[in-house]
Amino acid sequence: MDHDLAVIGAGVVGVSCALWARMRGLSVVLIDPQAPGAGTSYGNAGTIAVYACLPVNDPSVLRGLPGLVFGGDSPLALDWGHALRNPLWMLRFLANCRTGRSDEIAGHLAMLLTQADAGLNPLVAEAGAEDLLVSRGQLTVWSTRAEAAAADLSLNRRRALGVEVREVSPAEAREMEPGLVLPIERAVHFPGARHVLDPQALVLRMFDRFVDLGGVSVRARAERVEERDGGVTVFADGEIRAERAVIASGAFSRRIAGSGAERLPLGTERGYHLMFEGEAGRVTRPVGWVEGGFYATPMAAGLRLAGTVEIAALDKSANRGRLAYIARRGREMLGDLPEPASEWLGYRPTMPDSLPVIGLAPGKERVIHAFGHQHLGLTLGGITGRIVADLAEGRAPNADIAAYAPGRRFS
Ligand SMILES: Cc1cc2nc3c(=O)[nH]c(=O)nc-3n(C[C@H](O)[C@H](O)[C@H](O)COP(=O)(O)OP(=O)(O)OC[C@H]3O[C@@H](n4cnc5c(N)ncnc54)[C@H](O)[C@@H]3O)c2cc1C
């Protein structure tokens, strides 16, 4: 066998799996046609969002669906053609918005989130990347009375799941973030959150350390995997043989034939960002604006406005309307902004129950799935990597991972 483990996909999830496994002494090959962290892991809002245990699947989605989808000013956009071509995913997603189910999902997300730092910090230390992380928490603001009043329910759900929530007055919120010009009806600070000054740089540092430790990198697209001769063969511009393979190709994981991922209901929630060079000082920590549906995050390269959700196909071109929405509402949030230096579309890998898929592929003995981290891949990549390293070593993870099993029911 050439390697103990072949990891397919070098986003934050795949690189975390590869580095954890290498730190445990396994021989690992990491396969990706792109540079590490160049996919969705490049352009996210950069928040280590340990407070984000409430899934998008929420009863309010059912109540607010018509307004959200048809309102031009909505952070959520739906491509109806795509929805009609994927009715099962849509129906499963909506079925998971029922109150009881949404609470169950929140509990499963909270379980992973409580271990997020324990999964990420050893990788950051190993990679010498402490300078890329900032510990100033996250500030969430509400700009309308109706949404502010309705927030008690979600804040109490978070508290009940162990999230530290600090209610701050609108005046205190303005003191914390004087750059905000939007009306503030309510604000909370999540002190346990951190942010990353450059999400791709973090992945690259971890990748460099992986290579320093003797990890092997192959720049190729994996087309297919096959379990045979007591191992797995990955077909990627030639054959790569390993004891086990990990599918960590984010929203594209279904495209790898023979992996078992092609049979799972993996969808995507597309999201966008705009970068404003020289404007990082507008905020001092990630600020999430609930009604706007995006974050303002101070990064090394400037201010990043990132977020919104667009349910549309992976291969559809970027929607200029979504970018214009963020630009317009960004000015409502922060006042005048210059023209953005760059813009970006990314693909959150999302299962209809908003839970990641971590575990052995159904019907396989040697193929491990690690994708579907939706809005939380940067936060949960590290703990996913640790669990995958456990599975690759053949030992039981010290967390119950049944809720994330690839073979679970999705509605
Ligand atoms: C706007 C936006 C804001 C976000 N904000 C946050 C946030 O603040 N905090 C947070 O925790 N998360 C956030 N996320 C989510 C997070 O970015 C994702 O969950 C995460 O990046 C997914 O990582 P990944 O490694 O699974 O996928 P990716 O980063 O997409 O990596 C997948 C890799 O697989 C490779 N690949 C694909 N097909 C193949 C193949 N056939 N063979 C080999 N390689 C292949 C790709 O080239 C890519 O490098 C945000 C997402 C968006 C869109």
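The values are calculated or read from the model by the stated rules, or taken from the named source; none is laboratory data. A quick note: this is a predicted structure, and the numbers were derived from the prediction, not measured. Neighbour counts are summed over all protein chains in view; Cβ atoms, including those assigned to glycine, are modelled from backbone coordinates with ideal geometry.
Might you check whether a residue that is modelled with pLDDT of 95 or more, surrounded by fewer than 21 Cβ atoms within 10 Å (Cβ to Cβ) and hydroxyl-bearing (Ser, Thr, Tyr) occurs anywhere in region 284-294?
Checked against the condition, which is being modelled with pLDDT of 95 or more, surrounded by fewer than 21 Cβ atoms within 10 Å (Cβ to Cβ) and hydroxyl-bearing (Ser, Thr, Tyr), region 284-294 yields at least one hit.
When you scan region 378-408, how many residues do you find that are within 16 Å of the ligand (Cβ to nearest atom), in a helix (DSSP H, G or I) and farther than 17 Å from Met111 by Cβ?
Taking region 378-408 and keeping what is within 16 Å of the ligand (Cβ to nearest atom), we get 378-389, 404, 406.
If we keep only those that are in a helix (DSSP H, G or I) as well, we get 378-389, 404.
Pick out the ones that are also farther than 17 Å from Met111 by Cβ and you get 378, 389.
Residues meeting the conditions: 2.
Select from region 176-230 the residues that are under 30 Å from Thr140 (Cβ atoms) and basic (Lys, Arg) and write down the one among them that is nearest to the chain's Cα centre (by Cα). Spell out the reasoning first.
First, pick out the residues of region 176-230 that are under 30 Å from Thr140 (Cβ atoms): 176-206.
Subset that is basic (Lys, Arg): 186, 194, 205.
On the way: Arg186: 26, Arg194: 15, Arg205: 19 Å.
So, considering only residues that are under 30 Å from Thr140 (Cβ atoms) and basic (Lys, Arg), the one nearest to the chain's Cα centre (by Cα) is Arg194.
Table: residues versus (1) without any contact (Cβ under 8 Å) to a residue 60 or more places away in the chain; (2) assigned by TED's automatic domain parsing to the domain that holds Leu303; (3) more than 16 Å from the ligand (Cβ to nearest atom); (4) touching a strand residue (DSSP E or B) at 6+ places or on another chain (Cβ under 7 Å).
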| site | (1), (2), (3), (4) |
| --- | --- |
| Leu76 | no, yes, no, yes |
| Gly81 | yes, yes, yes, no |
| Ala110 | yes, no, no, no |
| Asn121 | no, no, no, no |
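Residues that are within 16 Å of the ligand (Cβ to nearest atom) and out of contact with any His (no Cβ under 7 Å at 6 or more places or on another chain): which strands (runs of 3 or more DSSP E) entirely in region 255-372 hold 2 or more of them? It would help to see each step written out before you state the result.
Working: elements: 267-276, 287-289, 294-299, 302-311, 342-350, 357-360, 367-371.
In region 255-372, the matching strands (runs of 3 or more DSSP E) lie at 267-276, 287-289, 294-299, 302-311, 342-350, 367-371.
Is at least one residue of region 69-90 at pLDDT 95 or above, β-branched (Val, Ile, Thr), surrounded by fewer than 20 Cβ atoms within 10 Å (Cβ to Cβ) and part of a helix (DSSP H, G or I)?
No, that holds for no residue.
For Val61, are the conditions met, namely being assigned to a helix (DSSP H, G or I), near the ligand (Cβ under 6 Å from one of its atoms) and either of a type in the set (Val, Ile, Thr) or outside the structural domain of Phe371 (by TED's automatic domain parsing) (or both)? Please lay out each step first, then the result.
On the way: assigned to a helix (DSSP H, G or I): yes; near the ligand (Cβ under 6 Å from one of its atoms): no; either of a type in the set (Val, Ile, Thr) or outside the structural domain of Phe371 (by TED's automatic domain parsing) (or both): yes.
No.
Mind checking which residues of region 11-32 are in contact (Cβ under 8 Å) with a residue 40 or more places away in the chain, in a loop (DSSP other than H, G, I, E, B) and either under 14 Å from the mean Cα position of the chain (by Cα) or more than 6 Å from the ligand (Cβ to nearest atom) (or both)?
Step one: of region 11-32, the residues in contact (Cβ under 8 Å) with a residue 40 or more places away in the chain are 11-24, 26-32.
Now restrict to residues that are in a loop (DSSP other than H, G, I, E, B): 11, 24, 26-27, 32.
Scanning region 11-32 gives Gly11, Arg24, Leu26, Ser27.
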